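Accompanying notes for the structure given below.
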Amino acid sequence: MVFSSMVFLLRFLPLVLLVYGICPKPARNAVLFLASLIFYAWGEPVYVLLMLFSTAVDYIHGRLVEQYRNEGRARAARLAVISSVVVNLLLLGFFKYADFLIEVWNHITGQKIPLLSLPLPIGISFYTFQTMSYTIDIYRGQAESQKSMLDFGTYVALFPQLIAGPIVRYQTIAGELAARRFDYEDFGAGALRFVTGLGKKVLLANPAGSLYEQIAGFGAAGLPVVTAWMGILAFAFQIYFDFSGYSDMAIGLGRMFGFHFPENFRYPYESGSITEFWRRWHISLGTWFREYLYIPLGGSRKGEAKQVRNILLVWLLTGLWHGAAWNFVLWGLYFGVLLLLEKFVFQKGFGRLPSAVRRLLTFFLILIGWVLFGFPDLTEGMAYLGAMFGAGGLIWNTETWYLLSGWWLLFLIWGIGCTHVPKQWGERLAGKRAILPVLFLIVIFLLSLAYLVDATYNPFLYFRF
């Protein structure tokens, strides 16, 4: 089940809100836990058992780590947290990377070991990172173990952010798991945030994705330069509105139920450097890698050589986190190298450029990265990249003009929509007339429903990660 579906919007969510609202407070976590299991099992009834197993493993390990720490048994606590991490990584590795490793092994050895072809459990990358951070934080003394398995299960399975984040550390919502109150103002703000995200996903991301698939379907051979750039721009807008829209919906849903999740996007395409971009894009993932990998490896504290190693390793793993394919490895290393060049080579010179130039150059480099990200077949990706720089032999053709005439307004809307400007306008209008946010909510919700009634194109890109 996805947030941008008629089943969720008109059946599941209203029913859950009704039951949650009328049940006594002590039973609300049980309602959310049961609803979350139904939500997940709607598409993957078998893999809900895998999620429950992961939940039980980390609940037990969390209790053990805290017990050993309190008893002063540092070695036992360390072994317990290592055990938790190993089990989680083995589960993630088996389901997500087994076929990739088999293919690599077959290529190296010439063997023909058959692939497992296991379907990827939805959201496994997100909830695995959450449960790992839980036991690690207890080991570090940054969180206390959850005594109630029901409450811990609610944290892991919480449907607003279960399948696509943001990645929420346990300590962020530990207090709200134990006690939270219904607040009309908070509920209204959450509903507004949810509908805003729904509009981003349905009304902006889906059309952008449709255009990108149309252009990518032409094939790179003979693809005009302008058409190729239109395609990758459409992909850039699709992935931003798709993922940030889903994050908005998750954060909004969380607030409707009394939880406050961390922000995951802060207008990343306004960035003036690659470093800034990754502080604004998928913030919860970047924070996770910094807190649980980069800093424990030594960060920048042990000399430049080890800092270079740490950055490259983090970005290699960031690429692999997104998918078990060579294009993701290359994508991760591409951004790792760019970050190193910014830090050690171009830092001073880049900073002297005008702000507009820095933003355009940064966006250009991001678009190149999206080519690597968007094509699992590296040969096709390189061919498309070549078309962007004239390998097709044409600057434009009649198809280019046809696409421009039909899509220019949406490109303008997408370009403005990924900046802080719409939020600024909205706050100004809301300050003048309090009814305007309510009217906005109603209009966007109805437009989104109208789109979904006949929609045949409604993917969510990050489900595959």
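Values quoted throughout were computed directly from the atomic coordinates according to the rules given, and no laboratory measurement underlies them. Keep in mind it's a predicted model, so treat the numbers as computed, not measured. When we count neighbours, we look across all protein chains shown, and the Cβ atoms used for this are built from the backbone with ideal geometry, even at glycine.
Ratio of Rg to Rh for the stretch 314-397: 1.04 [Cα atoms; Kirkwood radius as inverse mean 1/r over pairs].
Would you mind estimating how fast the stretch 186-247 diffuses translationally, via Stokes-Einstein at 20 °C and 1.002 mPa s with the Kirkwood radius over Cα pairs, in µm²/s? Intermediate results must be reported in sequence, preceding the final value.
Working: Rh = 12.5 Å.
Translational D for this selection: 172 µm²/s.
The distance between label points at Ala221 and Leu412 comes to 3.8 nm (points 7 Å beyond Cα on the Cα→Cβ vector).
Counting each DSSP H run of 4 or more residues in the chain as -39500 (n - 2.57), what helix-only mean residue ellipticity at 222 nm follows after dividing by all residues, to the nearest 500 deg cm²/dmol?
Numbers: 20 runs with 317 residues, N = 465.
The helix-only estimate for the chain comes to -22500 deg cm²/dmol at 222 nm.
Remark: the Leu313-Tyr184 segment gains 41.9 nm on full extension, using 0.36 nm per residue and subtracting the alpha carbon distance.
Stokes-Einstein D for the stretch 236-332 at 37 °C, 0.692 mPa s, Kirkwood Rh over Cα pairs, in µm²/s? Don't skip to the answer; put the middle values down first.
On the way: Rh = 14.9 Å.
Approximately 220 µm²/s, per Stokes-Einstein.
Taking a straight line from the alpha carbon of Lys112, these lysines sit under 24 Å away, with near neighbours fewer than eight places off in the same chain left out: Lys96. Reported value for the stretch 1-98: 117 Å³ per residue, from the convex hull of its C-alpha atoms.
Where in the stretch 370-465 are there trypsin sites (Lys or Arg not before Pro) that are in a DSSP coil and have at most 13 other Cβ atoms within 10 angstrom of their Cβ? Could you put the intermediate results ahead of the total?
Working: sites: Lys423, Arg428, Lys432, Arg433, Arg464; in loops: Arg433.
Answer by residue number: Arg433.
Within the same chain, lysines fewer than 8 places from Lys423 are excluded, and of the rest, those with a Cα less than 29 Å from its Cα are Lys200, Lys201, Lys432. If each Cα of the stretch 331-374 is one equal point scatterer, what is log10 of I(q)/I(0) from the Debye formula at q = 0.19, 0.26 Å⁻¹? Calculated log10 I(q)/I(0) at the listed q: -0.62, -0.97. Measuring how big the stretch 359-421 is from its alpha-carbon positions, Rg and Dmax come out at 14.1, 38 Å. Grab every C-alpha pair in the stretch 6-180, bin the distances at 5 angstrom width from 0 up to the longest one, and report whole percents. In whole percents, the pair-distance histogram is 1, 8, 15, 18, 17, 14, 10, 8, 5, 3, 1, 0, 0.
Over all pairs of different C-alpha atoms, the chain has a mean inverse distance whose reciprocal, the Kirkwood radius, equals 23.9 Å. Only Cα sites of the stretch 1-43 enter the Debye sum here, all with the same form factor; the resulting log10 I(q)/I(0) across q = 0.27, 0.32 1/Å is -0.95, -1.12, listed in q order. Computed log10 I(q)/I(0) for the stretch 186-464 at 0.07, 0.10, 0.16 Å⁻¹: -0.29, -0.60, -1.39, from the Debye equation with unit scatterers placed on every C-alpha and solvent omitted.
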